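Data first, discussion second: the structure below is written as C-alpha cells.
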Amino acid sequence: MTVTRFAPSPTGYIHVGNLRTALMNWMIARKAGGTFILRIDDTDPERSKQEYVDAIKEDLEWLGLTWDKIETQSSRLDRYAEAADKLREMSRFYEAFETPTELDLKRKKQLNMGKPPVYDRAALKLTDDQTEALRAERGNGVWRFKLDHERINWTDGILGDLSIDASSVSDPVLIRGDGQVLYTIASVVDDTEMGVTHVVRGSDHVTNTATQIQIIEALGGTPPKFAHHSLLTGPQGESLSKRLGTLAIRDLRENGVEPMALLSLMARLGSSQPVELRASLDELVEGFEISQFGAAPTKFDVEDLGPLTHRHLGTLPFSEMADEIAALGVPAEIAPKFWDVMRENINTRAELGPWWDVLRDGATPLVENDDKEFVTQALNLLPAPPYSEDAWSTWTAEVKEATGRKGKGLFMPLRKALTGRQRGPEMADFVSLMQSKPKL
Ligand code: GLU
C-alpha cells in the first residue's frame, strides 16, 4: 500500500515550490491507488496560524489535489514525547546548553582551522553535576540526537545512490530548550506511525534525510523511499527563494491562472517529458514518473502560465462554463454562442464579464482622429439590434459603398468602433451577439 504525504508548515501561503512537492506526492499516491495525507506541520505555536491552514486547504482544493486524510502535528505531541523518551533510554539523546552565540563562535573557530563546522559534542562530556549547574543557570537545554558516525546510504528516487558521512553532520537538535518539538523528530514519528512509504521533498532536505534515516532506525522503524526534487530558480537561473512569496498559489489564482495550466506545467517541469497542456489530473497522473525528474535546478517562468491558461480556456466546452456565463446575465439562447466566440479570445475568465458588458450595452468606440467622420457615417448606417448572422457583411458592404473605403482601412476602424478594442473575435460573430449599438 503506497502512502505519501504533503507536509506544509502553516506559517504562510503555499507557493509554486510547495506545489511541486505536493503534486509529486499526490501523483505517486494516485498512480498507485494509495493514500495521500495532508499533514499540517504546526509544532511551532508562534508561527503557525489557523488562517494558513485554511488557506492551504483552499489552495489544494482549488487545484483538485484532494487528500484522503488530514493529520495535525500539534495534536500528536504525546507521540513525539514518547519517541524522545525512547531515544533517551537508548542513550541516543543528550541535553546541550550552548547559547547560539557560543555555537556560532565554535563554528567560526572550526572554519578558521579549515574544519567542517560540526557540533563538537562538548555536552556529552558534561558530568551530572555540571549538567545540573548549567540547567540551574541557563534553564533547560536543547536535546540533540546522537548520530552514529558511519555512512548513511540510500537510493534516492531522483538523485540516485547517495551516501552521507554522519560525522560531517551536527547531531540534530530535536527538542528546543522551551520544550518545542522540532520538525525533524515529529516528521519521522509521523512518517513511521502513519505508514508513509514514499517521501518526496526539496533537495534542501537531503541532510535532514540522512539524520532522519538514523532516527527512524533507532526508533525501530523502516525508512520510507526518499526522493529529493531540485529547487526552482527563475528563468535566468536566479534564486527564487526571495521571490517565492510573490508566487503564492492564491496570487496566481487571483491573476486568472487556471488550475490545469498550473498543474500541467508543474507536473512536468524539470522532467524529461515536455510540458503539454492536459485536460485533467488523471491524464497527468498517467504519464507521471518520478525517476524522469532531473537533479539540476529547475527553471520556472511565471510568464509560461499565461499562454497555457489561454490555451486551456480555448479547450473548455460550454457545459463547464454554463453557470459562470449565466451568472454574468448572458441570456440562455445566446450563451453557447457567446462562449464559442469568446473562448479563444480571452486570457483569463475574468475577461468574459467586460466582453459581455460591451455586447449588452454597446461599446464606447475607440476612434482615431482621422477616422471620426468615417465612423460617424458608418454608425449612422448601422441598423438597431437585433443583428443576424449576416448583419456584419451587409453593413460593411453598405459602408464600403457609401465611403469608398476598403480592406484594413474599412474593417479596422469598424472593429474598434464596435468593440472598443484593437483585437477580438471574428466581427461577424461578434455583431450577431451585440444587444445594443455602440454609444457615439
Ligand atoms: N514541514 C516541512 C517543510 O515544509 C516538511 C518537509 C518534509 O516533507 O518532510 O519543509
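The values are calculated or read from the model by the stated rules, or taken from the named source; none is laboratory data. No experiment lies behind these values; they were computed from the predicted model shown. Every residue, glycine among them, receives a Cβ derived from its backbone with ideal geometry; neighbour counts consider all protein chains shown. All accessible areas refer to the heavy atoms of the entire protein, side chains included, with ligands and DNA or RNA removed. Shrake-Rupley method; radii C 1.70, N 1.55, O 1.52, S 1.80 Å.
Taking the condition of being within 42 Å of the chain's Cα centre (by Cα), within 20 Å of L147 (Cα to Cα) and in a loop (DSSP other than H, G, I, E, B), how many residues in the stretch 111-126 meet it?
Filtering the stretch 111-126 for residues within 42 Å of the chain's Cα centre (by Cα) gives 111-112, 114-121, 123.
Within this subset, residues satisfying the condition of being within 20 Å of L147 (Cα to Cα) are 115-121, 123.
So of that shortlist, the ones also in a loop (DSSP other than H, G, I, E, B) come out as 115-121.
Residues meeting the conditions: 7.
Are there any pairs with C-beta distances below 8 angstrom linking a residue in the stretch 1-27 that is at positive phi and assigned to a helix (DSSP H, G or I) to a residue that is within 11 Å of the ligand (Cβ to nearest atom) and acidic (D, E), with the two at least 6 apart or on different chains, and if so which?
Once the first residue is at positive phi and assigned to a helix (DSSP H, G or I) and sits in the stretch 1-27, no partner that is within 11 Å of the ligand (Cβ to nearest atom) and acidic (D, E) comes close enough.
Yes/no matrix, rows are residues, columns are (1) more than 25 Å from V3 (Cα to Cα); (2) in contact (Cβ under 8 Å) with a residue 24 or more places away in the chain; (3) surrounded by fewer than 13 Cβ atoms within 10 Å (Cβ to Cβ):
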| residue | (1), (2), (3) |
| --- | --- |
| D59 | no, yes, no |
| S75 | no, no, yes |
| A83 | no, yes, no |
| F97 | yes, yes, no |
| P100 | yes, no, yes |
| K109 | yes, no, yes |
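Please determine, by comparing only the residues of the stretch 143-161 that are in contact (Cβ under 8 Å) with a residue 60 or more places away in the chain and outside any strand (DSSP E or B), which one is least open to solvent (accessible area, probe 1.4 Å).
Top of the filtered list is L147.
Quickly run through the stretch 237-272 and pick out the residues that are assigned to a loop (DSSP other than H, G, I, E, B) and in contact (Cβ under 8 Å) with a residue 24 or more places away in the chain. If you could, list the steps in order and put the result at the bottom.
To start, the set of residues in the stretch 237-272 that are assigned to a loop (DSSP other than H, G, I, E, B) comprises 237-238, 240-243, 255-258, 269-270, 272.
Selection gives G237, L240, N255, G256, V257, E258, L269, G270.
Only one of (1) within 12 Å of the ligand (Cβ to nearest atom); (2) surrounded by fewer than 21 Cβ atoms within 10 Å (Cβ to Cβ); (3) not acidic (D, E) fails for A227. Which number is that?
(2)
Taking the stretch 212-239 only, how many residues are in contact with a strand residue (DSSP E or B) (Cβ under 7 Å, 6 or more places away or on another chain), farther than 19 Å from G157 by Cβ and polar (S, T, N, Q)?
3
Tally up the residues in the stretch 127-142 that are assigned to a loop (DSSP other than H, G, I, E, B), in contact (Cβ under 8 Å) with a residue 12 or more places away in the chain and open to solvent by 40 Å² or more (accessible area, probe 1.4 Å), please. Quick ask: steps written out before the conclusion?
Start the filter on the stretch 127-142 by keeping residues that are assigned to a loop (DSSP other than H, G, I, E, B), which leaves 127, 139-141.
Still in the running and in contact (Cβ under 8 Å) with a residue 12 or more places away in the chain: 139-141.
Among the residues that remain, those that are also open to solvent by 40 Å² or more (accessible area, probe 1.4 Å) are: 140.
Residues that pass the stated criteria total 1.
Yes/no matrix, rows are residues, columns are (1) part of a loop (DSSP other than H, G, I, E, B); (2) more than 14 Å from W355 (Cβ to Cβ):
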| position | (1), (2) |
| --- | --- |
| S393 | no, yes |
| A397 | no, yes |
| Q435 | yes, no |
| K439 | yes, yes |
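Can you name the number of the only condition in (1) open to solvent by 20 Å² or more (accessible area, probe 1.4 Å); (2) in contact with a strand residue (DSSP E or B) (Cβ under 9 Å, 6 or more places away or on another chain); (3) within 13 Å of the ligand (Cβ to nearest atom); (4) farther than 21 Å from I215 by Cα that T66 fails?
Among (1) open to solvent by 20 Å² or more (accessible area, probe 1.4 Å); (2) in contact with a strand residue (DSSP E or B) (Cβ under 9 Å, 6 or more places away or on another chain); (3) within 13 Å of the ligand (Cβ to nearest atom); (4) farther than 21 Å from I215 by Cα, T66 violates only (3).
For the stretch 30-58: of the residues being part of a helix (DSSP H, G or I) and within 14 Å of the ligand (Cβ to nearest atom), which is farthest from D178 (Cα to Cα)? Spell out how you get there, then give the answer.
Within the stretch 30-58, the subset part of a helix (DSSP H, G or I) is 30-31, 50-58.
From what is left, the residues that are within 14 Å of the ligand (Cβ to nearest atom) are 52-53, 56.
On the way: Y52: 24, V53: 24, I56: 28 Å.
Going through the qualifying residues, I end up with I56.
For the stretch 241-260, how many residues meet the condition of being at pLDDT below 95 and either of a type in the set (A, V, I, L, M) or crowded, with 19+ Cβ neighbours inside 10 Å (or both)?
Qualifying residue count, the stretch 241-260: 2.
Do you know which of the residues in the stretch 191-214 that are part of a helix (DSSP H, G or I) and near the ligand (Cβ under 9 Å from one of its atoms) is farthest from V118 (Cα to Cα)? Lay out the reasoning, then the answer.
The first filter runs over the stretch 191-214 and keeps only residues part of a helix (DSSP H, G or I), leaving 191-193, 203-214.
Retained after the next criterion (residues that are near the ligand (Cβ under 9 Å from one of its atoms)): 191, 204-205, 208-209, 212.
Working: D191: 27, D204: 18, H205: 17, N208: 14, T209: 17, Q212: 17 Å.
Of everything passing the filter in the stretch 191-214, D191 is farthest from V118 (Cα to Cα).
Return the residues of the stretch 1-29 that are in contact with a Ser or Thr (Cβ under 8 Å, 6 or more places away or on another chain), within 18 Å of L263 (Cα to Cα) and near the ligand (Cβ under 9 Å from one of its atoms); say none if nothing qualifies.
Matches in the stretch 1-29: F6, N25.
Just to be sure, is A22 under 24 Å from V142 (Cα atoms) and at pLDDT 95 or above?
So A22 fails the test.
Out of L219, L174, L182, report the one residue that is open to solvent by 10 Å² or more (accessible area, probe 1.4 Å), farther than 19 Å from G34 by Cβ and away from the ligand (no atom under 11 Å from the Cβ).
Details: L174 fails: open to solvent by 10 Å² or more (accessible area, probe 1.4 Å); L182 fails: away from the ligand (no atom under 11 Å from the Cβ).
Going through L219, L174, L182 in turn, the sole match is L219.
Could you list, in sequence order, all residues of the stretch 31-40 that are surrounded by fewer than 21 Cβ atoms within 10 Å (Cβ to Cβ) and either touching a Phe, Trp or Tyr at 6+ places or on another chain (Cβ under 6 Å) or closer than 13 Å to H198 by Cα (or both)? Quick ask: steps written out before the conclusion?
Residues of the stretch 31-40 surrounded by fewer than 21 Cβ atoms within 10 Å (Cβ to Cβ): 31-35.
Selection gives K31, A32, G34, T35.
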